[in-house]
Amino acid sequence: MVSSVTADFLKIDDIRKSFGGIHALRGVSFSLDAAGIKCIVGPNGCGKSTLFNILTGVLPPSAGTATLAGRRISGLAAHKVSRMGVGRKFQVPGVLSDLTVMEHMEIALAARATGGKVLKTLLWRGNRAEAIRMLEEAGLAEYGDKVASQLPHGIKQRLEILMLVARGMKLLLLDEPTAGMTATETQATIELIRRINETTDTAILVIEHDMTFVRDLACPLIVMMRGEVLREGSYDEVRADPQVRAAYLGDRHA
Amino acid sequence: MTLRLLPTLAVWAVLAVLPMLLGPWELAMFGQLLIYGIAAMSLAFIWGQGGLVSFGQALFFGAGAYAMSLTSKGMLPGIPDSPWLGLLLAVVAGAVFGGLIGAALFFGKGLRTAYFGIITIAAAVIAERVTTNWRYIGGFNGLLDVPPLPLPGGLDSADPFAGYLLVLGFALLAFLFLLAVERSPYGTVLRGIRCDERRIMSLGFFVPLWKVLALAISGGVAGLAGGLFATQFSFVSPAVIGLALSTEILIWAAVGGKAVLLAAFVGAIIVKYMESYLSETIGNYWLLVTGIAFIAVVVLFPQGLLGRFFALPQPRRLRRD
Amino acid sequence: MVSFFGLALDALNYTSVLLLVCVGLVVIFGLMQVINLAHGEFFLLGAYTVLVAQGVGVPFWLCVPLAFVTVGLVGLLCDAAILRFIYDRPVDTILATWGLSLAIRQAIVIVFGPQSQQVAAPLTEPVQLFGVAYSSYRLVVILIAILVALAVFLVLYRTSIGLAARAAMANRQMAQCLGINMRRLDRSTFSVGAGLAGLSGAVMAPLMSVDPQMGMGFVLPAFLSILVGGVGSPAGAIWGSVVIGSSTTLVSAWWTPVIAQIVVFLLAIVTIRFLPSGLSGLRSK
Amino acid sequence: MLEIKALRSGYARGADVLKGIDLKVSAGERLAIMGRNGMGKTLLAKTLIGLIKPSAGEIRLEGKPIGGLPAHRISNLGVAYVPQGREIFGDFTILENLRMGVIGKPGLGMERLDQIYDWFPILRERHAQRAGTLSGGQMQQLAIARALIGRPKLLLLDEPSEGIQPNIVHEIAEKLAAISATEGLTVIVIEQNFEMVEILAERVAFLENGLITGESPTARLIAEPELITQNMGL
């Protein structure tokens, strides 16, 4: 038996959201255990991004709640949600273009060590060893002294994920982390996500289109369609589901 | 690695041996150049690290100069007329003005760079008008006979040799202080804010506070320069707080290189030295030439002309090798 | 009570000219994201155009359109020589126009000297209005400023060029994809904006002392107006100039111009502190 | 009509996302480009319309090289763009939005307005309304109408079905197919949604990792939907 805290670490309960008359989310519910990992798939406009916006405090839900370790996160301001340990990786690489990789790591580690406090950070001595250890584990060590704007796309994306881990986030929301990557880069990212999931107790929620990625990550799937959860299950279960196939290919091919 | 330290060390070494090479009059002039250099560094810090272009840096400089003058002339009720206390208050005044402007602007939402620029211009213009019209602090004529800083051994900073060394000491102190701040993790985060404020916010840093502190630090150092100015020139007038000096400081930092403290410092010394040299020969054309040169640098060398020489290697903490 | 109408007319006079200056600033910013710090010097050049033209015997009323054209051409030149190289570097455009303002001001000092000069007003007879004797020239200035501002807004809101300009402000890339030549639009906007500042300087010349510093003094309230009204919103320019123009005139009359400047500055800070997109942000909320 | 040879392009210098696209489209043809997110579909559209300069390769429109021309010139050569997210001018009325479609085109007026209104009657009905108040499907029709009123030879659509209800998607696709057939308009549609593609396009090219990895007539994909899943890694 898992304890009540680890099970349902993230609990999404009947979240609804409408913009004007358009229902972007029509009552989404699912949960994620601590150190759990799930992948949300679905066509464009199915509400995945709206869901992420609600989980990170960018948007308030119209109804329903999301809780993290029993504390409500839906409807809170974005920086408060962030301080509770929810980190989001956007689809577009959000690295700090003039800064080196080591500087990126320092910013993330400083946020964890000092809680983002100004004076504490001014006096903090940095944590070079930890930064290097994390970079090495992620296979990014060789880029340590490079400026972010010169990094290949795939490395930028992995660096950003790594920053969220270094920040000590409890829940990672990854929005299409392998978009635009080459096959090798995609494999490296999958490995990184797996390793983070295995070696830390970080819970991970991924949005992804790429079914190769989803298959290789081998985690439970949530299929969303038109603002609802269509199905939950393993890759094979989902793939065999006629409803899911219809969702992707259009009704007449079901 | 140490090779990249050489130009920086060389600058300070040359400045240190100048007293042996120059006569008293030239030495006094160089001392004044160093004061401008400190002001340029204060702007380079906030601009190069925090990405905030202040068009009114003289506001902080002038606040320091007036604080120094008023204190050392005993014009502030209840505060002893000590020049050294005056210098301390000059730093405080600059920092407070910086902090106040920062607090007024940054806690609001979505402030654009352009807003910050316009507000600092307005602040400098208004400060100049207020000082011009405020009788108690000397009005248009300003305050004369600001006393020098007393030094041990019966000397004071009016002595060219002692005065120069004193200013040089403060310049080095300001340099090391700003360098330490920008090389601390605080500095790293500040550069991160310059790149992408929202991303830093999303990591849990309350960005406005960081920017307010940065502006207070910058203002404090500019205030120090202003305090030194008042005591070394022994007067202060509305000209030190207004737009003209602000523009000059901006030009020094831009021409030297905003991203590197010492580049801005040396930029100020060179430009100001050329001005004293050339304004006799080309007179009115000097400002026109500076304006055009400034445009050219902005368009062609956005990183300034000297940044390359004086860029220091990253601290050990931020290097992988 | 007697002076109330006089004061109101003064406020209207100042506000209407401020609006002309602001419209140029706002459209230039909205379209190109350039905060034109040399705008005050375009104003200045307008005033000096009148000075020179009057000196060689050009009648005043011809000087005004002449100022518009001359300064418009200067604007065109600045765009071609400087701005077009740095359109994609917003911060550098601020710096470059700042350098430009310095250079123009100094060029004026070199040519005309630093002293202040007078431009004769074409109308000197006061008129009786609401029982107050009021400068007839100021009334004409109000009329001109309002008519020109009206014309600018008509162009913006009633013509194809205006539609294209507003579209480009809303979505530059899309406008380009629909066939709008952005370079040409930018260039003409910058030039017309400069011309409007020159025209404002020309009509204000007889009412101010013409000296190399007059530009910054006049354009600073204009900058504060666009912060208050909302950067990049033509309609915001109206709100901003009304608020800044009338409060400056009133506070100056009741206390002193210095206090007026401080009050207006604080007003601007408070506004952008609580309304980041200015007064025009109120409407969209 | 359109010929793309070894086209390379990217958002940042030195990081090409498109790594050598080869594609030919004949006049009057309707081609769909399908691919997963992040494979460079939108980048391809932006490069074709001139918002992004290609780093290498050739784009020819009716034999004339257009690669690297600014967007307004390409637009005036007869390429119309309906971007992802539609990008209509929300503060403008519908009629003003349509006027934007011809303003930049020398010698072109609103002569085609009636025809446009016949194709999209909802726009006639709401012509004085602010475009920002339209529904997603109506906005999409407006974006297409705005493109068509400028009499393009080539219409480039990026994800036109995004966020639109399926029945409206069908309607728009059918309308576009009909217009293309009667006007001889060449259409390139970039899509993930086969519902749009199967009605609108005659031929499908698959874009993966910056390359065209396969092509097929639409009819064959309808018969063998497995090919789509294979080609798109679904």
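Worth a mention:
- Set side by side, the residues C:97, C:49 differ, and just one is surrounded by 24 or more Cβ atoms within 10 Å (Cβ to Cβ), within 14 Å of another protein chain (Cβ to nearest Cβ) and within 19 Å of the chain's Cα centre (by Cα), which is C:97.
- Counted residues, the range C:63-119 - those being under 22 Å from residue C:192 (Cα atoms), part of a loop (DSSP other than H, G, I, E, B) and of a type in the set (Ser, Thr, Tyr): 1
- Restricting the range A:155-168 to residues that are farther than 16 Å from residue A:100 by Cα and either more than 9 Å from every other protein chain (Cβ to nearest Cβ) or hydroxyl-bearing (Ser, Thr, Tyr) (or both), the residue that is surrounded by the most Cβ atoms within 10 Å (Cβ to Cβ): A:165
- Residue within the range B:260-267 that is small (Gly, Ala, Ser), in contact with a Lys or Arg (Cβ under 7 Å, 6 or more places away or on another chain) and modelled with pLDDT of 95 or more present: yes
- Qualifying residue in the range B:290-313 (condition: closer than 16 Å to residue B:4 by Cβ and over 21 Å from the mean Cα position of the chain (by Cα)): yes
So that you can scan it fast, the table gives a plain yes or no per residue for (1) modelled with pLDDT of 90 or more; (2) small (Gly, Ala, Ser); (3) crowded, with 17+ Cβ neighbours inside 10 Å:
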| site | (1), (2), (3) |
| --- | --- |
| D:181 | yes, yes, no |
| D:193 | no, no, yes |
| D:198 | yes, no, yes |
| D:202 | yes, no, no |
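- Residues of the range D:94-116 that turn out to be buried (at least 17 other Cβ atoms within 10 Å of the Cβ) and among the polar types (S, T, N, Q), as a count: 1
- Verdict on residue C:103 being under 17 Å from the mean Cα position of the chain (by Cα) and aliphatic (A, V, I, L, M): no
Rundown of residues vs (1) more than 18 Å from residue B:294 (Cα to Cα); (2) at the interface with chain B (Cβ under 10 Å from one of its Cβ atoms); (3) surrounded by fewer than 19 Cβ atoms within 10 Å (Cβ to Cβ), yes/no style:
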site: C:93; (1), (2), (3): no, yes, no
site: C:110; (1), (2), (3): yes, yes, yes
site: C:116; (1), (2), (3): yes, no, yes
site: C:121; (1), (2), (3): yes, no, yes
site: C:125; (1), (2), (3): yes, no, yes
site: C:129; (1), (2), (3): yes, no, yes
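- Which listed residue is over 30 Å from residue D:166 (Cβ atoms), at pLDDT 85 or above and of a type in the set (Val, Ile, Thr), from A:67, A:56: A:67
Each row is one residue, and each column tells you yes or no for (1) touching a strand residue (DSSP E or B) at 6+ places or on another chain (Cβ under 8 Å); (2) without any contact (Cβ under 8 Å) to a residue 12 or more places away in the chain; (3) not hydrophobic (A, V, I, L, M, F, W, C).
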position	(1), (2), (3)
B:5	no, no, no
B:14	no, yes, no
B:22	no, yes, no
B:40	no, no, no
B:50	no, no, yes
B:56	no, no, yes
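- Any chance residue D:134 is within 12 Å of another protein chain (Cβ to nearest Cβ), closer than 19 Å to residue C:166 by Cβ and modelled with pLDDT of 95 or more: no
- Residue C:144 vs. criteria in a helix (DSSP H, G or I), touching a residue at least 60 places away in the same chain (Cβ under 8 Å), away from chain B (no Cβ under 14 Å) and farther than 30 Å from residue D:132 by Cβ: yes
- Test: residue B:37 is under 15 Å from residue B:175 (Cα atoms), within 14 Å of chain C (Cβ to nearest Cβ) and in a helix (DSSP H, G or I): no
- Check on residue B:219, of a type in the set (Gly, Ala, Ser) and either without any contact (Cβ under 8 Å) to a residue 40 or more places away in the chain or part of a loop (DSSP other than H, G, I, E, B) (or both): no
- Annotation: of all residues in the range D:81-91 being surrounded by fewer than 22 Cβ atoms within 10 Å (Cβ to Cβ) and at the interface with another protein chain (Cβ under 7 Å from one of its Cβ atoms), the one that is farthest from the chain's Cα centre (by Cα) is D:91.
- Filtered by the rule that a residue be over 16 Å from the mean Cα position of the chain (by Cα), touching a residue at least 40 places away in the same chain (Cβ under 8 Å) and facing chain D (nearest Cβ under 9 Å), the range A:180-218 gives a lone residue, A:211.
- Filter result for residue B:213 (at the interface with chain A (Cβ under 9 Å from one of its Cβ atoms), assigned to a helix (DSSP H, G or I) and modelled with pLDDT under 95): no
- Residue in the range B:168-189 that is at pLDDT below 95, aliphatic (A, V, I, L, M) and in a helix (DSSP H, G or I) present: no
- Any hit, the range B:288-296, residues being aliphatic (A, V, I, L, M) and buried (at least 22 other Cβ atoms within 10 Å of the Cβ): yes
- Residue match in the range B:279-293 (condition: acidic (Asp, Glu) and within 8 Å of another protein chain (Cβ to nearest Cβ)): no
- Residue list for the range D:214-228, filter: surrounded by 15 or more Cβ atoms within 10 Å (Cβ to Cβ) and without any contact (Cβ under 8 Å) to a residue 60 or more places away in the chain: D:214, D:216, D:221, D:222, D:225, D:227
- In the range B:130-154, of all residues being without any contact (Cβ under 8 Å) to a residue 12 or more places away in the chain and within 10 Å of chain C (Cβ to nearest Cβ), the one that is nearest to residue B:83 (Cα to Cα) corresponds to B:134.
- If you go through the range B:294-310 and pick out every residue that is outside any helix (DSSP H, G or I) and away from every other protein chain (no Cβ under 13 Å), you end up with 2.
- Any chance residue A:62 is more than 8 Å from chain B (Cβ to nearest Cβ), more than 19 Å from the chain's Cα centre (by Cα), under 30 Å from residue A:29 (Cβ atoms) and surrounded by fewer than 17 Cβ atoms within 10 Å (Cβ to Cβ): yes
- Residue list for the range B:155-202, filter: free of Cβ contacts under 8 Å to residues at least 12 places away in the same chain and either among the β-branched types (Val, Ile, Thr) or more than 14 Å from every other protein chain (Cβ to nearest Cβ) (or both): B:155, B:156, B:159, B:162, B:169, B:173, B:176, B:200
- Single unsatisfied condition, residue B:38 versus (1) over 27 Å from residue B:270 (Cα atoms); (2) within 13 Å of the chain's Cα centre (by Cα): (1)
- For residue A:120, the stated conditions do not hold, so it cannot be described as in contact with a strand residue (DSSP E or B) (Cβ under 9 Å, 6 or more places away or on another chain), surrounded by fewer than 22 Cβ atoms within 10 Å (Cβ to Cβ) and within 13 Å of another protein chain (Cβ to nearest Cβ).
The values are calculated or read from the model by the stated rules, or taken from the named source; none is laboratory data. All values derive from a computational prediction rather than experimental measurement. Don't worry about glycine lacking a Cβ; one is built from the backbone with ideal geometry, like all the others, and counts go over all protein chains shown.
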